[in-house]
Amino acid sequence: MLQSQLCKEQDFQRQWYADAFMKLKAEDALLSLVNNNITDQATAPLERLAYRFHRKLWEWCYIYEALRERGALQPNKKGLGFGVGTEPLTAAFASHGCRITATDLDFEAAKAQGWVATNQHAVSLQELNGEGICDPDQFANLVTFEYADMNHLSPSYEEQFDFTWSSCSFEHLGSIALGTQFIVNQMKCLKPGGVAVHTTEFNLSSNEHTLDHTLTVLFRKRDIEHMVERLRAAGYFIDVDYTVGIGPIESFIDMPPYTHHPHLRLQLGQFVTTSIGLIIQKIH
């Protein structure tokens with residue numbers, strides 16, 4: 001069973017990854033995301049690759065598998081997604097019969113932060129089933145879309161959901177402290193026994209210096225450890241494996257302007273970052 005961990009090259013060889021990759025139509029979703037975001041972040045359109053080592057694919061597959069193996073993806077289970085953008089997870093969860101509330105930042109705020117211009121913001125239900133993963137009628141029946149401020153969660157969400165998720169969203173809340181507070185706060189949205197799965201940026205370069213109080217912050221190991229302490233103190237369960245992979249592909253660092261192949265680790269400012277996945281369970 002998956003646990004909280006860093007993105008690793010070896011995961012791309014696992015059967016769970018292959019199964020999730022096919023279910024999510026992840027290649028098509030990634031091509032759409034990257035090729036509609038050709039700004040200073042990429043030099044040329046991403047073409048179909050024989051083998052795809054991209055951390056965004058890992059995040060989607062990791063979230064899907066972590067929820068699947070914990071029994072969350074069953075008919076009438078209720079899920080709450082944050083900062084969903086145009087990712088394929090909403091449609092995949094609905095295809096299992098889950099009732100999904102998908103949320104994103106309101107349009108004007110997202111536009112001001114650049115998410116609209118780079119095709120990373122959702123404004124309609126149709127965009128959340130763009131790859132046709134879920135039957136359209138079933139999708140329309142099971143999925144609702146709302147605007148939500150992750151720094152100010154609605155009290156109406158409290159103890160309403162069997163699972164919550166986000167894919168590299170809470171590092172954009174303004175600071176490490178705000179991102180940490182979001183993770184603690186969103187646990188209140190879960191029913192007893194519920195599970196939260198979230199991915200974010202992990203600073204591989206330093207446990208001292210990092211990016212903070214910027215549009216994108218980088219969580220150091222000590223920041224994650226502080227978050228874990230707060231979660232455990234509140235009665236939640238989380239166990240983290242901080243092992244860093246040393247494979248040849250994950251040792252490559254994608255530098256700006258990004259090629260996205262491979263893209264397990266990348267340079268942000270003066271730091272090298274990758275993704276970390278967090279699985280948190282609400283026991284009581």
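The values are calculated or read from the model by the stated rules, or taken from the named source; none is laboratory data. Keep in mind that this is a model prediction, so the values were computed, not measured. All Cβ positions, glycine included, derive from the backbone under ideal geometry; neighbour counts span all protein chains shown.
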Exercise for the section: Filter segment 231-241 for residues that are within 22 Å of the chain's Cα centre (by Cα), exposed (fewer than 14 other Cβ atoms within 10 Å of the Cβ) and more than 19 Å from Cys61 (Cα to Cα) and give the result. Expected result: Arg232, Phe237, Asp239
Completion exercise
Among strands (runs of 3 or more DSSP E) entirely inside segment 82-185, those with 3 or more residues being at pLDDT 95 or above and β-branched (Val, Ile, Thr) are 99-104
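Step by step: first the residues of segment 152-167, then only those that are touching a helix residue (DSSP H, G or I) at 6+ places or on another chain (Cβ under 6 Å) and over 21 Å from Leu73 (Cβ atoms), then the one that is surrounded by the most Cβ atoms within 10 Å (Cβ to Cβ). Which residue is that? Steps first, answer last, please.
We begin by selecting, within segment 152-167, every residue touching a helix residue (DSSP H, G or I) at 6+ places or on another chain (Cβ under 6 Å); these are 153, 157-158, 161, 163-165, 167.
Now drop any that are not over 21 Å from Leu73 (Cβ atoms), which leaves 153, 158.
On the way: Leu153: 18, Glu158: 13.
Taking the candidates together, the pick is Leu153.
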Fill in the blank from the handout: Selection from segment 170-190 of residues over 17 Å from His284 (Cβ atoms) and among the charged types (D, E, K, R) yields Glu171
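Could you tell me which residue of segment 168-192 is surrounded by the fewest Cβ atoms within 10 Å (Cβ to Cβ), considering only residues that are of a type outside the set (A, V, I, L, M, F, W, C) and closer than 23 Å to Leu264 by Cβ?
Result: His172.
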Handout entry: Residue check, His260 surrounded by 13 or more Cβ atoms within 10 Å (Cβ to Cβ) and not polar (S, T, N, Q)
Key = yes
Handout entry: Cross-chain or 6+ apart pairs with Cβ under 9 Å, segment 75-102 first and surrounded by 21 or more Cβ atoms within 10 Å (Cβ to Cβ), then in a loop (DSSP other than H, G, I, E, B) and of a type in the set (Ser, Thr, Tyr)
Key = Phe82/Ser169; Gly83/Ser169; Val84/Ser169; Gly85/Ser169
